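Written below as structure tokens is the structure these notes are about.
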Amino acid sequence: MFRPSMNYLSLNVRGIGEAHKVSWVKRLKTRNKISFLGLQETQLMNIDAIDVHGCRDSDEFQFSAIQSSGRSGRLLSIWDANIFEVREVIKLNHFLITIGDWE
């Protein structure tokens, strides 16, 4: 049985509120066929301010995030829902754990 590979990228973006950073993340994701993307230091208080869709090249994704403290922090995980099935997400002040199965 053929299984698509699952590539993971963890990236400190030092703020992702600007369009050029969103497109940079999307290019990295596309070129490297990333299935699970972990972003640190997004520096945005409101998840709605992050262009999560802009970081992806398809509509088949899910994501989870934790709040930042001021301008520091904010963790965001984005994954391909066709390849990774989440069983549990654990959110605490300084970490985000996404547990699941690679399909």
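Of note:
Residue-wise test of (1) within 11 Å of the chain's Cα centre (by Cα); (2) at pLDDT below 85; (3) surrounded by 12 or more Cβ atoms within 10 Å (Cβ to Cβ); (4) not acidic (Asp, Glu).
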{"position": "Asp48", "(1), (2), (3), (4)": "no, yes, no, no"}
{"position": "Asp57", "(1), (2), (3), (4)": "no, yes, yes, no"}
{"position": "Gln62", "(1), (2), (3), (4)": "yes, yes, yes, yes"}
{"position": "Gln67", "(1), (2), (3), (4)": "no, yes, yes, yes"}
{"position": "Gly73", "(1), (2), (3), (4)": "no, yes, yes, yes"}
{"position": "Glu85", "(1), (2), (3), (4)": "no, no, yes, no"}
{"position": "Glu88", "(1), (2), (3), (4)": "no, no, no, no"}
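- Contact annotation: residue pairs with Cβ atoms under 6 Å, 6 or more positions apart or on different chains, pairing a residue in segment 6-31 that is on the phi > 0 side of the Ramachandran plot with a partner that is surrounded by 15 or more Cβ atoms within 10 Å (Cβ to Cβ) and charged (D, E, K, R), are Arg14/Glu41.
- Phe36 vs. criteria at pLDDT 85 or above and closer than 18 Å to Val86 by Cα: yes
- Pair list, Cβ under 9 Å, 6 or more apart: segment 80-103 residue under 19 Å from Lys29 (Cα atoms), other residue β-branched (Val, Ile, Thr) and at pLDDT 90 or above: Phe84/Thr98; Thr98/Val86; Thr98/Val89; Thr98/Ile90
The values are calculated or read from the model by the stated rules, or taken from the named source; none is laboratory data. None of the values given here were measured: they were computed from a predicted structure. Quick reminder, even Gly has a Cβ in these numbers, built from the backbone with ideal geometry, and neighbours come from all protein chains shown.
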